Amino acid sequence: MSIFKRSKGSPAERDETTEAASAPEAADGPVDAQDGDEGAESTPETSAGAPVDRSDGPFDVTEVDGRDGRLDLGALWMRGMPGMELRLEVDQQTQVVNAATAVVGDSALQLQAFAAPRSSGLWDDIRGEIGAAVEQQGGTAEEHVGELGTQLRTRMPSVGPDGRTVFAPAVFVGVDGPRWFLRGVLSGRAAIDEASAAPLLDIFRAAVVVRGTEPMAPRELLPLTLPRDADSGAQPADGDAATDAEDASDADERPTLNPFERGPEITEVR
């Protein structure tokens with residue numbers, strides 16, 4: 001498994017569709033000082049998704065006995081696999097790690113963890129918001145029930161090199177845990193081929209979320225960090241500079257990982 005860091009633009013530059021699922025919920029009142037996750041306004045009601053059995057993951061940190069070889073990324077522990085490349089998306093201005101993306105062949109899985117209310121999950125509401133945002137941009141979104149509950153299959157339009165309109169597929173996967181929500185975005189071949197998606201969904205299931213006890217607003221992104229494991233077995237893809245927070249020039253030249261870009265632009269890994 002190899003690692004490199006790709007600097008990312010400011011939050012304002014993110015794709016507005018994915019922003020609907022990552023921005024903290026706006027609240028008129030203060031966050032409850034006791035729980036930190038009960039004071040935000042509720043989002044419009046949406047249809048309930050299929051129930052998810054988390055006995056095989058993803059897990060809360062209280063449900064596992066140590067990291068068991070997983071890579072420590074702060075709020076998220078990730079399992080690696082042979083041939084996987086791990087990309088850490090970092091805000092160029094704040095140097096905050098926004099997301100972790102596992103790349104296997106022509107497929108990618110982006111992972112982000114968020115704080116959630118104590119009394120209810122987020123995925124039902126967020127799924128509806130993502131679908132609405134996709135459709136507003138001229139794309140399509142439809143729900144599908146898989147092994148990890150209700151998923152959202154999307155296709156976003158863009159202009160190809162020949163001027164024709166092409167559609168980039170992406171599949172959104174979400175699981176609610178105890179006071180957290182884990183979102184995955186499958187792109188590249190994994191968005192259209194179940195066999196290609198299978199190893200990435202295994203990585204999603206093996207993930208462990210470290211929510212922490214501090215008060216947080218619903219939908220607030222749980223903080224990720226650069227790898228803390230000197231003995232993880234992971235090697236930088238382009239030398240030590242690839243994981244240096246001050247030197248990401250090599251990583252910046254890699255293809256971007258916007259899940260709504262055309263497949264080859266997402267998944268070509270060299």
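The values are calculated or read from the model by the stated rules, or taken from the named source; none is laboratory data. Bear in mind the structure is a predicted one, so any value in this text is a computation, not a measurement. Note that each Cβ is placed from the backbone with ideal geometry, even for glycine, and that neighbours are counted across all protein chains shown. Surface accessibility is based on the protein's heavy atoms, side chains included, excluding ligands, DNA and RNA. Shrake-Rupley method; radii C 1.70, N 1.55, O 1.52, S 1.80 Å.
Is it true that some residue in region 193-201 is in a strand (DSSP E or B) and closer than 19 Å to L86 by Cα?
Within region 193-201 (the criterion being in a strand (DSSP E or B) and closer than 19 Å to L86 by Cα), the answer is no, since none of the residues qualifies.
Tell me which residues, restricted to region 71-91, are within 14 Å of the chain's Cα centre (by Cα) and in a loop (DSSP other than H, G, I, E, B).
If the condition is that a residue be within 14 Å of the chain's Cα centre (by Cα) and in a loop (DSSP other than H, G, I, E, B), then L73, A75 are the ones that fit.
Only one of these conditions is not met by S7: (1) at pLDDT 50 or above; (2) hydroxyl-bearing (S, T, Y); (3) over 20 Å from R183 (Cα atoms); (4) surrounded by 14 or more Cβ atoms within 10 Å (Cβ to Cβ). Which number is it?
That leaves (1) as the condition not met.
So which residues in region 152-167 are modelled with pLDDT of 95 or more and either surrounded by 22 or more Cβ atoms within 10 Å (Cβ to Cβ) or at positive phi (or both)?
L152, T154
Name the residues in region 209-237 that are modelled with pLDDT under 60 and surrounded by 16 or more Cβ atoms within 10 Å (Cβ to Cβ), would you?
Across region 209-237, the qualifying residues are S232, A234, P236, A237.
Sort out which residues of region 206-218 are within 13 Å of the chain's Cα centre (by Cα) and part of a loop (DSSP other than H, G, I, E, B), and write them in order of number.
A207
Tell me the residue from D193, D240, D176, D252 that is at pLDDT 95 or above and out of contact with any helix residue (DSSP H, G or I) (no Cβ under 9 Å at 6 or more places or on another chain), please.
That would be D193, the only listed residue that is at pLDDT 95 or above and out of contact with any helix residue (DSSP H, G or I) (no Cβ under 9 Å at 6 or more places or on another chain).
For region 170-192, which residues satisfy the criterion of being in contact (Cβ under 8 Å) with a residue 40 or more places away in the chain and open to solvent by 30 Å² or more (accessible area, probe 1.4 Å)?
Matches in region 170-192: D176, P178, R179, R189.
So which pairs qualify, if the first residue must be in region 140-154 and in contact (Cβ under 8 Å) with a residue 60 or more places away in the chain, the second must be among the basic types (K, R), the Cβ gap must be under 8 Å, and the two must be at least 6 apart or on different chains?
Within 8 Å, the pairs are E143/R127; E143/R153; L148/R205; T150/R127.
Against the conditions (1) at pLDDT below 95; (2) open to solvent by less than 40 Å² (accessible area, probe 1.4 Å), where does Q95 fall short? Just the number, please.
(2)
In region 76-92, which residues are open to solvent by 10 Å² or more (accessible area, probe 1.4 Å) and at pLDDT 90 or above?
The answer is W77, R79, G80, M81, P82, G83, E85.
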